[in-house]
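The values are calculated or read from the model by the stated rules, or taken from the named source; none is laboratory data. Given the structure is predicted, the values throughout are model-derived calculations rather than measurements. Ideal geometry is used to build each Cβ from the backbone, glycine not excepted, and the neighbour counts take in all protein chains shown. What goes into the accessible areas is simple: the full protein's heavy atoms, side chains included, and nothing from ligands, DNA or RNA. Shrake-Rupley method; radii C 1.70, N 1.55, O 1.52, S 1.80 Å.
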Amino acid sequence: MSSIKIKVKKEIIEKIEEICKSFDNQSGELINVLHKTQEYLGYLPAEAQEIIARALNISAARVYGVVSFYSFFSMKPKGKCPVSVCMGTACYVRGADKIVDEFKKVLNIAVGETDNDGVFSLASLRCVGACGLAPVVLVGDKVHGRLAADDVKHIVKEYREQFAKLAEA
Amino acid sequence: MATYKYHVLICGGTGCRASQSNKIIDNFKRLLKENGLEKEVQVVETGCFGFCEKGPIVKILPDNTFYIEVKPEDVEEIINEHVIKGRKVQRLLYVDPKTSEHKADSKHMGFYKKQLRIALRNAGFINPENIDEYIARDGYKALATVLEQNDPQATIDIIKKSGLRGRGGGGFPTGLKWEIASKNAADQKYMICNADEGDPGAFMDRSILEGDPHSVIEAMAIGGFCIGATKGLIYIRAEYPLAIERLKVAIGQAREYGLLGKNIFESGFDFDIDIRYGAGAFVCGEETALIHSMEGFRGEPTFKPPFPAQEGYLKKPSNVNNVETFANIPVIINKGWEWFSSIGTEKSKGTKVFALAGQINNVGLIEVPMGITLREVIYEIGGGIKNGKKFKAVQTGGPSGGCLTEKFLDTPIDYDNLLAAGSMMGSGGMIIMDETSCMVSVAKFYLEFTVEESCGKCTPCRIGNKRLYETLEKITNGNGTLEDLDLLRNLSTVIKDTALCGLGQTSPNPVLSTIDNFYDEYLAHVVDKKCPAGQCKALKRYVIDPDNCIGCTACARACPVGAIKGEKKLPHEITQSLCIKCGTCYEKCKFNAIKIQ
């Protein structure tokens, strides 16, 4: 294992090792370690998985197996405005599929992709539990409820403008 | 509580928070202060009231006024009118759709009249982040009683006699489960709470944890004492940040009060609780998969036996119960098993929480006695179908359940009746569908879910469900044959008989129940190549009714592919070979001339 060279900034390696250590480098805490690492990096690249595997003294295959098993973990960076459309049953029955289609059209990306400038990424998720507001879309942490397909372009516009302002500043 | 003139309860559940209930709370606090009323009016952020359709909800005590769809800017009026002048703000009251009467008191609202709240007894009444409020409502009294009696078997007997069955879906008798775990001797045992609510469309566990976390903590300690476990673990979805936060606060407070930790109530009993996080895998609701996930592995189920009661977390005897099951325990101890078993039907005692959603007027969380009929739930509590459309089906049990039709509307709801009708109780999702829902598509929707969530360990589930999904897709694309219907039936039976865990064994249920109850609709897809509900895009045909078309050209101008031809002021026509079935013409036409075939 020690022969593998990992091309990551030193401070990132140290931070991940610190996370592992905060869980006593226990392999049973792998999922908690991955949660914390994803919180820190935004996603779980292969390099980060190798650092974790080394620290917890387990194979990289086991780490990858867990990362790929759970939908909450991602190996790709998300956009700065991650859009998640709820595809729970309540939202589906109230037309969530049309909302997804509209986002695909407006953003010109498929589900699971990030657009070229890295602003928007599109994902579907299962039930945020706000079924009273169905259909529901999350942009970052903000919930947009009771949506119709027509609302999609307004939402995208709103965030694009917000983002442009931030970029200027 | 006596010093305050009014108590303002504001829902702080996920649904209402998404509609700015935070801002409402801030506005109340700020404006009360500005008016010098902060000592007379107490503002409380509570858990979910259940009536999510009309959220955010603000309730004012002592007069029990129930304001709906409150916006942050309405707060000023509520304070000026209600708090200062004692007049109710009429425009924010619930209006009974049948009688058009304003209902100020939630007790008189159709949505609440037939409900009986046991598991949800405190949600919407107390501040979940204040342990004193829980204690004021008999909180931790049951734990004290149990520890004072110091007879685990006597407590297990009470739970057994109450008839409580697992609320997570399986319906296994809770008392019996505890008894089995209590009899397996070991140096360490674990009491585990399953809060991995993965059924899309069900959110009762989340609401209990957000609205009344102490009820679960107390019950876990009681259960821990009964089976001889000193450690409790709560496995919760990472997707529920608010519930996690409230749980952490509650566990901290319970430790501070000595209700968790060493020597609880000086009985010599030690018990403490840790939280473990899920990471988005439906199969982890299965108890063996859940345990593997807690150990830091892929959440794949294993064959039972050994049951968790024999060999569970870290190979030690463990007992897994669902959140709602736990929430019932303290009340059963406080009020007695006789009281609990007097509610419900012969084999299903007590109440069940359902998440009512879909095409229904009153979406929300309800708790009803077992034995209530679907008709009462849908038409009296749920307020009927949205937009006056016709009821078509109700789906219970989530991806493991089935769709029930009109003929089951008067069947009393309990574990056994739902199973006999081809569905199941499940965790309590109840999705109402109207005539615009295509049942083949609904089955496909659930199969898509199962295919995605199948852990891939056993072949029937991994490959069988995929084939079911492909066949359904073929049918909704208009390429299905009669043989495909036989294939669906046969393959479903094989998967049910051979899959390893509960997920695979129940995954074909949505297919089987829709074939059984809506065979005509499947036939229409494969024989007539039509989708009666008009949902399957490939089977849709838009045509213009020449009698209604006045030739306004609105549709032709809107058509993105130029498939509509015709002279001005003369009936138009759609060229079917060009039509992409986007439905734009249908939306643009003001003369009801575009028909879907």
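Could you grab the pairs with beta carbons closer than 6 Å, sequence gap of 6+ or different chains, first residue in region B:118-140 and touching a residue at least 60 places away in the same chain (Cβ under 8 Å), second one open to solvent by 10 Å² or more (accessible area, probe 1.4 Å) and of a type in the set (Ser, Thr, Tyr)?
Going by the 6 Å Cβ cut-off, there are no qualifying pairs.
In region B:86-122, how many residues are part of a helix (DSSP H, G or I) and surrounded by 14 or more Cβ atoms within 10 Å (Cβ to Cβ)?
Going through region B:86-122 one residue at a time, the tally reaches 6.
Do we find that A:ASP115 is more than 9 Å from chain B (Cβ to nearest Cβ) and farther than 23 Å from B:GLU300 by Cα in this structure?
So A:ASP115 passes the test.
Got a sec? Which of A:LEU44, A:LEU34 is free of Cβ contacts under 8 Å to residues at least 60 places away in the same chain, buried (at least 20 other Cβ atoms within 10 Å of the Cβ) and at the interface with another protein chain (Cβ under 10 Å from one of its Cβ atoms)?
Sole residue among the options that is free of Cβ contacts under 8 Å to residues at least 60 places away in the same chain, buried (at least 20 other Cβ atoms within 10 Å of the Cβ) and at the interface with another protein chain (Cβ under 10 Å from one of its Cβ atoms): A:LEU34.
Looking for something among the acidic types (Asp, Glu), surrounded by fewer than 23 Cβ atoms within 10 Å (Cβ to Cβ) and under 28 Å from B:GLU218 (Cβ atoms) - is there at least one such residue anywhere in region B:344-365?
No, the conditions are met nowhere in region B:344-365.
Determine whether A:TYR64 is at negative phi, open to solvent by 50 Å² or more (accessible area, probe 1.4 Å), free of Cβ contacts under 8 Å to residues at least 40 places away in the same chain and of a type in the set (Phe, Trp, Tyr).
So A:TYR64 passes the test.
Could you grab me the full set of residues in region B:392-439 that are touching a Leu at 6+ places or on another chain (Cβ under 6 Å) and either assigned to a loop (DSSP other than H, G, I, E, B) or closer than 18 Å to B:HIS525 by Cα (or both)?
Selection gives B:LEU409, B:ALA421, B:SER423, B:MET424, B:MET425.
Looking at region B:13-64, which of its residues are within 13 Å of another protein chain (Cβ to nearest Cβ) and assigned to a loop (DSSP other than H, G, I, E, B)?
Residues satisfying the conditions are B:GLY13, B:SER19, B:GLN20, B:GLY47, B:CYS48, B:PHE49, B:GLY50, B:PHE51, B:GLY55, B:PRO56, B:ILE57.
Residues of region B:290-321 being within 14 Å of chain A (Cβ to nearest Cβ), out of contact with any Cys (no Cβ under 7 Å at 6 or more places or on another chain) and not in a loop (DSSP other than H, G, I, E, B), which ones?
Those that are within 14 Å of chain A (Cβ to nearest Cβ), out of contact with any Cys (no Cβ under 7 Å at 6 or more places or on another chain) and not in a loop (DSSP other than H, G, I, E, B): B:ILE291, B:HIS292, B:MET294, B:TYR313, B:LEU314, B:LYS315.
Given (1) closer than 30 Å to B:ALA254 by Cβ; (2) not in a loop (DSSP other than H, G, I, E, B), where does B:VAL83 come up short, assuming only one miss?
Failed condition: (1).
Scan region B:231-283 for residues that are more than 29 Å from the chain's Cα centre (by Cα) and either assigned to a helix (DSSP H, G or I) or within 14 Å of chain A (Cβ to nearest Cβ) (or both) and jot them down.
B:ARG255, B:GLU256
Can you tell me which condition B:GLY86 does not meet? The list is (1) in contact with a strand residue (DSSP E or B) (Cβ under 6 Å, 6 or more places away or on another chain); (2) without any contact (Cβ under 8 Å) to a residue 12 or more places away in the chain, and all the others hold.
Single failed check for B:GLY86: (1).
From the list B:TYR190, B:TYR240, which residue is buried (at least 20 other Cβ atoms within 10 Å of the Cβ) and touching a strand residue (DSSP E or B) at 6+ places or on another chain (Cβ under 7 Å)?
The match here is B:TYR190.
Would you mind telling me which numbered condition in (1) over 37 Å from the mean Cα position of the chain (by Cα); (2) at pLDDT 90 or above; (3) surrounded by fewer than 13 Cβ atoms within 10 Å (Cβ to Cβ) B:ALA593 fails?
That leaves (3) as the condition not met.
Can you name the condition, by its number, that A:ASP101 falls short on among (1) surrounded by fewer than 16 Cβ atoms within 10 Å (Cβ to Cβ); (2) farther than 30 Å from B:ASN362 by Cβ; (3) within 14 Å of chain B (Cβ to nearest Cβ)?
(2)
Of all residues in region B:399-438, how many are hydroxyl-bearing (Ser, Thr, Tyr), over 23 Å from B:GLY50 (Cα atoms) and within 14 Å of another protein chain (Cβ to nearest Cβ)?
Pass one, region B:399-438, residues hydroxyl-bearing (Ser, Thr, Tyr): B:400, B:405, B:411, B:415, B:423, B:427, B:436-437.
Next, from what is left, pick out any that are over 23 Å from B:GLY50 (Cα atoms): B:400, B:405, B:411, B:423, B:436-437.
Next, only the ones that are within 14 Å of another protein chain (Cβ to nearest Cβ) stay: B:400, B:423, B:436-437.
The total comes to 4.
Condition first: assigned to a helix (DSSP H, G or I) and either under 21 Å from the mean Cα position of the chain (by Cα) or among the small types (Gly, Ala, Ser) (or both). Now tell me which residues in region A:42-61 satisfy that. Don't jump to the end; show me each part of the working.
Of the residues in region A:42-61, the ones assigned to a helix (DSSP H, G or I) are A:46-56, A:60-61.
Across region A:42-61, the qualifying residues are A:ALA46, A:GLU47, A:ALA48, A:GLN49, A:GLU50, A:ILE51, A:ILE52, A:ALA53, A:ALA55, A:ALA60, A:ALA61.
If B:SER513 passes every condition in (1) within 25 Å of A:VAL93 (Cα to Cα); (2) open to solvent by 10 Å² or more (accessible area, probe 1.4 Å); (3) assigned to a helix (DSSP H, G or I) but one, which one does it miss?
For B:SER513, the exception is condition (2).
Somewhere in region B:422-442, is a residue free of Cβ contacts under 8 Å to residues at least 12 places away in the same chain and not acidic (Asp, Glu)? Talk me through it step by step, then tell me what you get.
Of the residues in region B:422-442, the ones free of Cβ contacts under 8 Å to residues at least 12 places away in the same chain are none.
Checked region B:422-442: no residue is free of Cβ contacts under 8 Å to residues at least 12 places away in the same chain and not acidic (Asp, Glu).
Here's the yes/no breakdown for (1) surrounded by 24 or more Cβ atoms within 10 Å (Cβ to Cβ); (2) over 25 Å from B:ILE208 (Cα atoms):
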residue: B:ILE378; (1), (2): no, no
residue: B:GLY382; (1), (2): yes, no
residue: B:ASN387; (1), (2): no, yes
residue: B:GLY397; (1), (2): yes, no
residue: B:ASP434; (1), (2): no, yes
residue: B:GLU448; (1), (2): no, yes
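Can you tell me which residues in region B:551-560 are assigned to a loop (DSSP other than H, G, I, E, B) and either at pLDDT 90 or above or in contact with a strand residue (DSSP E or B) (Cβ under 8 Å, 6 or more places away or on another chain) (or both)?
Result: B:GLY551, B:CYS552, B:THR553, B:CYS559.
Check B:THR373 against each of (1) closer than 16 Å to B:LYS114 by Cβ; (2) within 14 Å of chain A (Cβ to nearest Cβ); (3) surrounded by fewer than 21 Cβ atoms within 10 Å (Cβ to Cβ); (4) β-branched (Val, Ile, Thr) and name the one condition it does not meet.
Status for B:THR373: all satisfied but (2).
Residues checked against (1) touching a strand residue (DSSP E or B) at 6+ places or on another chain (Cβ under 7 Å); (2) under 26 Å from B:ASN322 (Cβ atoms); (3) outside the structural domain of B:PRO369 (by TED's automatic domain parsing):
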residue: B:TYR415; (1), (2), (3): yes, yes, no
residue: B:LEU419; (1), (2), (3): no, yes, no
residue: B:SER423; (1), (2), (3): yes, yes, no
residue: B:GLY429; (1), (2), (3): yes, yes, no
residue: B:GLU448; (1), (2), (3): no, yes, yes
residue: B:ILE463; (1), (2), (3): no, no, yes
residue: B:GLU470; (1), (2), (3): no, no, yes
residue: B:GLU473; (1), (2), (3): no, no, yes
residue: B:GLY478; (1), (2), (3): no, no, yes
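Evaluate the following for A:VAL85: is it of a type outside the set (D, E, K, R) and either within 12 Å of chain B (Cβ to nearest Cβ) or surrounded by fewer than 18 Cβ atoms within 10 Å (Cβ to Cβ) (or both)?
no
Condition first: in a loop (DSSP other than H, G, I, E, B), surrounded by fewer than 17 Cβ atoms within 10 Å (Cβ to Cβ) and at the interface with another protein chain (Cβ under 9 Å from one of its Cβ atoms). Now tell me which residues in region A:131-145 satisfy that. Outline the logic, then answer.
From region A:131-145, those in a loop (DSSP other than H, G, I, E, B) are A:134-136, A:140-141, A:145; that's our starting set.
When the remaining residues are screened for being surrounded by fewer than 17 Cβ atoms within 10 Å (Cβ to Cβ), the result is A:140-141.
Passing the criteria: only A:ASP141.
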